[in-house]
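Structure record follows, encoded as structure tokens.
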Amino acid sequence: MSFFTRTLLASAIGMTLSTAAQAATELTVYTAVEADDLQKYAERFQQAHPDIEINWVRDSTGVITARLLAEKDNPQADVIWGLAATSLLVLEEEGMLARYAPEGVDALDPKFVDPAIREGKDPAWVGMDAWVASICYNTIEGERLGVPKPGSWEDLTRPEYEGHVIMPNPSSSGTGYLDVASWMQLWNEEGAWDYMDRLHQNISRYTHSGSAPCNLAASGEAVVGVSFAFRGARLKSQGAPVELVFPTEGVGWDMEAAAIIEGSDKRHAAETLLDWAVTEEANALYNEGYAVVAYPGVAQPIDNYPANITELMIDADFNWAANNRDRLLQEWQGRYDGKSDSQ
Amino acid sequence: MMVGMPSWSRRWSGESLIRLLALLLALGLLVVGLLFPLAAMLVKSVQDRAGDFVGLANFARYVQTPALAGSIVNSLTIALTSTAVVVGLAFLCAYGLTRTCMPGKRLFRMLAILPILAPSLLPAISLVYLFGNQGWFREVLMGESIYGPIGIVMGLSFWIFPHALMILVTALSNSDARLYEAAEALGTPKWRSFFTITLPGARYGLISCGFVAFTLAITDFGVPKIIGGQFSVLATDVYRQVVGQQNFQMGAVVSVILLLPALLSFVVDRWIQRRQVAQLSARAVPWQPSPSPMRDWTFATICYGVGAIILLVIGTAIYASLVQFWPYNLSLTFKHYAFEALAGGGWTSWGNSLKLAFSVATIGTLAIFFNAWLIEKSEGYRPLRQGLHFLAMLPMAVPGMVLGLAYIFFFNQAGNPLNWIYGTLIILVLNTLVHFYTVCHLTSVTALKQLDPEFEAVGASLKVPFWTTFYRVTLPVSLPAVLDISVYLFVNAMTTVSAVVFLYTSDTRLASVAVMHLNEAGYFASAAAMAVLIFFTSLGVKLAHAAISHLLLTRAQRWRQAG
């Protein structure tokens, strides 16, 4: 027993020593950025600021949002870097974000900055890039099973797609929620629920993450995965037999954004991170995965993305999507949750 | 050692005080590591989000939510089915091992242990490759989907099989040849002596095996998480409520419900253990099988069929981790083992798992064995020692998910003086140690019971303090058992997902959790690679253990043969 307590004490002392030895500030950063890019983000930032170390907490958009809300009274995060703007608007409503105008924020496309800046206030969040809904279609399995390539959202409700469509669960996945929100804005609420009722007949399952449907389509587990362009483009360049489809009705999108958590005791380091997040260099980093970024003139075309992607993006109303998030998700769960992956 | 000791009575009372202190520390470990967290969880289940007492309102809401309440039926169905499959197969194989002269028994025993070395996520991943929409054997399912009850039962059966086999081999090893001779002399047919001698003789082992399999099946999280699809069970509901929706109250409610079947099987198992003791009389003559080619080859076929399936499942995971882009580019590569580019921790999380496993194996083995020794070999403080023994038996009935969640409730309270261990490796060590306490405790007690109580008596009469007797005599003599315990703890700490999934942080991400996250995000090959990595790590440690045990038994433990 005494050995046990001694070891506990020893390791406790060892830990305090080791944290004291590192001069670097450790920032706890909550994010929903794609897992394969996380390392790269931290490395690029640390090249510029080696004195700040990032501790990532990563999960799907809905999970990170729920976690931030649950920790409202005792926040664990210092910074959010890479979470859907609709989620940040919810957090702002709860008073969880600290207002701060990063150095050089004026250079960004105004659409990508918290509108409060126009009223003379400091922005509560700053945008990074846009991520765009897309359908991944497996050409080999499509041919084998006689499932044609879809062209529109409406196509997915046709009988030949029954059991072949996979989509993310909007409660956990930001991509899932932007699909639902965009359908609401395209066809108003009644029309969107009617569409989802019909789509539900063809869905084989709802996945936890927004990448998973495209991954599953790429490995032939499904023919059609409702996902987002980033994942589809990347899988295609890895050699997966997938085609990206941008439905003719228009595609939903959301913005990845960054913010400081109110009450963080590492405010200085947090501001440094935000300053860097709006730089041209950071935006060039975002552009390695996303075709549309906040810093004008930075974006280079990306492989496997259509050139006219901005024309396909609908006129998204993030405020509406944020304000109705809770209600829509409740309704969605009541209707369709039976087919969900355990999250 | 005895030089300069103070007078007998003063020294004795001082020693007795230390003994009491040690016992109280052991009690403290189990109270803080088990009882308080469980109490905190029970409290949470009758509170609302604001922390006010709401009675059974949460439970009422649970029963009224069909999506949640349906999981009870789902869980029971898959647990009962898996139990039937596993007990049936394990009985056939155990019979082959103990009651026939089938060839290659040792090889089969080695094959049969393999599933324990992998996290339960591994068979689930393999099953997708075997029976998924692109799987080699998908036609076997005749159009049914592997994502759901079929996949869960298959995955669980694979993972539980070794546990069931070990129990049944023990049960069937206890046989009395005199009964069979009598039956033969009376002209009883073979099938009849099977039903009147063999089965009744193994009945407690069978019941015990059934309950162990049932508990493992109903509390497992890894298999349904990967392959459950839309089929929700209690364990995945806890996760979904807590991680997906941050609804801790509902998580606590589901945990309490999950605790019930496990507690029930715990009580039944204890009852059986007590009855089993006097079953075999001292005059029994062990029954030795005589060769019978027809029977021996039948059982060899069954056993090697099972062994082949085990190899197939593990081989599939290995293959899956090496294929470039399954199923369209089947060239082989090691790139999926370069997890660096992926979140989920990669090699760092593997390092963390190693750290955890080594800490639990060393700290846990010493703490548990020393506690067992205090309970078994001390004099005085009888009620305290009995209470400790009961507490040591309890962790077996607490599912990992439940314990992990209970730790959040207890250790994450702002007022808790132990709040600082939250989010560190220490809480993972404590949690894992407590989670796997019971089996280690039982192993220690069994080993200690074999030792003559005279050792302590002689030590005391030589005026040697009890801790000296412990580390100079008891510990070295019990080394084989101590090694068994440490390997058991190591392997379980390496493979467990359910207990730690709520407790890791970005600094303490574990390999088993990484498997789950990689799979969740769709990196199926990397998930397989991480699961394979865990498997080979456990296998390496297991082989090292076998080698060391062998050395010890032939050298340091020579007195056993001599004695």
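The values are calculated or read from the model by the stated rules, or taken from the named source; none is laboratory data. The structure displayed is predicted, hence computed values, not measured ones. Ideal geometry is used to build each Cβ from the backbone, glycine not excepted, and the neighbour counts take in all protein chains shown.
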Among the candidates B:VAL445, B:VAL398, B:VAL458, residue that is closer than 30 Å to B:ASP507 by Cβ and not polar (S, T, N, Q):
B:VAL398
Among the candidates B:GLN413, B:GLN386, single out the residue that is at negative phi, surrounded by fewer than 19 Cβ atoms within 10 Å (Cβ to Cβ), part of a loop (DSSP other than H, G, I, E, B) and not charged (D, E, K, R).
B:GLN413
Pick from A:VAL33, A:VAL113: which is among the hydrophobic types (A, V, I, L, M, F, W, C) and either closer than 21 Å to B:GLY244 by Cβ or facing chain B (nearest Cβ under 10 Å) (or both)?
A:VAL33
Quick test of your reading of the structure: B:PRO115 fulfils all but one of (1) assigned to a helix (DSSP H, G or I); (2) free of Cβ contacts under 8 Å to residues at least 24 places away in the same chain. Name the failing condition by number.
(2)
Checking A:ASN188 against (1) part of a helix (DSSP H, G or I); (2) within 14 Å of chain B (Cβ to nearest Cβ); (3) surrounded by fewer than 24 Cβ atoms within 10 Å (Cβ to Cβ), which single condition isn't satisfied?
(2)
Can we say B:ALA112 is among the small types (Gly, Ala, Ser) and crowded, with 24+ Cβ neighbours inside 10 Å?
no
Top-ranked residue of segment B:511-536 - restricted to ones that are among the polar types (S, T, N, Q) and within 13 Å of chain A (Cβ to nearest Cβ), ranked as nearest to the chain's Cα centre (by Cα)
B:ASN519
Evaluate the following for B:VAL243: is it facing chain A (nearest Cβ under 10 Å), surrounded by fewer than 22 Cβ atoms within 10 Å (Cβ to Cβ), touching a residue at least 60 places away in the same chain (Cβ under 8 Å) and not in a loop (DSSP other than H, G, I, E, B)?
yes
Could you say whether any residue in segment B:366-376 is surrounded by fewer than 17 Cβ atoms within 10 Å (Cβ to Cβ), closer than 23 Å to B:ILE485 by Cβ and within 12 Å of chain A (Cβ to nearest Cβ)?
no
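Rundown of residues vs (1) surrounded by 15 or more Cβ atoms within 10 Å (Cβ to Cβ); (2) in a helix (DSSP H, G or I); (3) modelled with pLDDT of 90 or more, yes/no style:
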site: A:GLU271; (1), (2), (3): yes, yes, yes
site: A:ASP275; (1), (2), (3): yes, yes, yes
site: A:PRO306; (1), (2), (3): yes, no, no
site: A:ASN319; (1), (2), (3): no, yes, yes
site: A:ALA322; (1), (2), (3): yes, yes, yes
Here the residues within segment B:456-466 that are in a helix (DSSP H, G or I) and either touching a Phe, Trp or Tyr at 6+ places or on another chain (Cβ under 8 Å) or in contact (Cβ under 8 Å) with a residue 40 or more places away in the chain (or both) are B:GLU456, B:GLY459, B:ALA460, B:PHE466
Assess whether B:VAL313 counts as being at pLDDT below 95, assigned by TED's automatic domain parsing to the domain that holds B:TYR129 and not aromatic (Phe, Trp, Tyr).
no
Quick one: would you say B:SER120 is assigned by TED's automatic domain parsing to the domain that holds B:ILE309 and modelled with pLDDT of 90 or more?
yes
B:VAL501, sole failed condition from (1) modelled with pLDDT under 95; (2) in a helix (DSSP H, G or I)
(2)
From the options A:ASP194, A:ASP155, A:ASP179, residue that is crowded, with 23+ Cβ neighbours inside 10 Å, out of contact with any Leu (no Cβ under 9 Å at 6 or more places or on another chain) and either away from chain B (no Cβ under 14 Å) or more than 23 Å from B:VAL242 (Cα to Cα) (or both):
A:ASP179
Can you pull out the residues in segment B:500-510 that are of a type in the set (Val, Ile, Thr), within 15 Å of B:LEU354 (Cβ to Cβ) and within 12 Å of chain A (Cβ to nearest Cβ)?
B:THR508
Here is a check on your reading of the model: is A:TYR206 away from chain B (no Cβ under 13 Å) and of a type in the set (Ser, Thr, Tyr)?
no
Please tell me if A:TYR295 is touching a residue at least 12 places away in the same chain (Cβ under 8 Å), in the same structural domain as A:ALA35 (by TED's automatic domain parsing), farther than 24 Å from A:PRO168 by Cβ and buried (at least 17 other Cβ atoms within 10 Å of the Cβ).
yes
For the subset of segment B:118-146 comprising residues that are among the small types (Gly, Ala, Ser) and in contact (Cβ under 8 Å) with a residue 40 or more places away in the chain, which member is farthest from the other protein chains (Cβ to nearest Cβ)?
B:ALA118
Please return the ranges of helices (runs of 4 or more DSSP H) entirely within segment B:186-229 where 1 or more residues are touching a residue at least 24 places away in the same chain (Cβ under 8 Å).
B:203-219, B:222-227
Complete set of residues in segment B:179-225 that are among the charged types (D, E, K, R) and over 30 Å from B:VAL398 (Cβ atoms):
B:GLU181, B:GLU184, B:LYS190, B:ARG192
Of residues in segment A:220-248 being in contact (Cβ under 8 Å) with a residue 60 or more places away in the chain and of a type in the set (D, E, K, R), the one nearest to the other protein chains (Cβ to nearest Cβ):
A:ARG231
Segment B:246-266, subset without any contact (Cβ under 8 Å) to a residue 24 or more places away in the chain and under 20 Å from the mean Cα position of the chain (by Cα), residue nearest to the other protein chains (Cβ to nearest Cβ)
B:LEU260
